[in-house]
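Let me begin by presenting the structure, written as structure tokens, before commenting on it.
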Amino acid sequence: MLLGFIFFIFTAMIDLSVKEIYTIVGLLMLILAAFSYSQNKKLTLVCGISGAYLVLNYFLPKNLFFDIVSFLVIIFPFVYARVYKKSLLD
């Protein structure tokens, strides 16, 4: 059941552009930040800022600089959580 759901999500994302996928990831980061606010405020702030940038990136012009920054913004919360030994869901 879960494998079918994951397969459905990936097949639905095949037709999306990179900016649209980044926007979806940004929305998921904002949702994660909204539901984890009371536990870890610093990580929530990092996820919230990253998610907001990824959503706003959808409206920025297509440029290699913005694409590189978007990729770094996607991985930064996970690097932050790894360095400071925090859990994303605690």
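Note on the stretch 53-62: residues that are within 14 Å of residue 21 (Cα to Cα) and surrounded by 14 or more Cβ atoms within 10 Å (Cβ to Cβ) amount to 5. Only residues that are among the charged types (D, E, K, R) and not in a helix (DSSP H, G or I): list them for the stretch 40-69, please. Listed by number, the list holds a single entry, 62.
Please find, within the stretch 70-90, the residue that is modelled with the highest pLDDT out of those that are in a loop (DSSP other than H, G, I, E, B) and in contact with a Phe, Trp or Tyr (Cβ under 8 Å, 6 or more places away or on another chain). Full working, then the answer.
From the stretch 70-90, those in a loop (DSSP other than H, G, I, E, B) are 84-90; that's our starting set.
Subsequent filtering for residues that are in contact with a Phe, Trp or Tyr (Cβ under 8 Å, 6 or more places away or on another chain) retains 86, 88.
On the way: 86: 65, 88: 58.
The residue in question is 86.
Quick one: would you say residue 42 is among the basic types (Lys, Arg) and either within 26 Å of residue 84 (Cα to Cα) or at pLDDT 85 or above (or both)? When the stated conditions are applied, residue 42 passes them. Evaluation of residue 18 against the conditions (1) modelled with pLDDT under 80; (2) loosely packed, with under 11 Cβ neighbours inside 10 Å shows that the sole unmet condition is (2).
The values are calculated or read from the model by the stated rules, or taken from the named source; none is laboratory data. What you are looking at is a predicted structure, and each value in this text was computed from that prediction instead of being measured. Note that each Cβ is placed from the backbone with ideal geometry, even for glycine, and that neighbours are counted across all protein chains shown.
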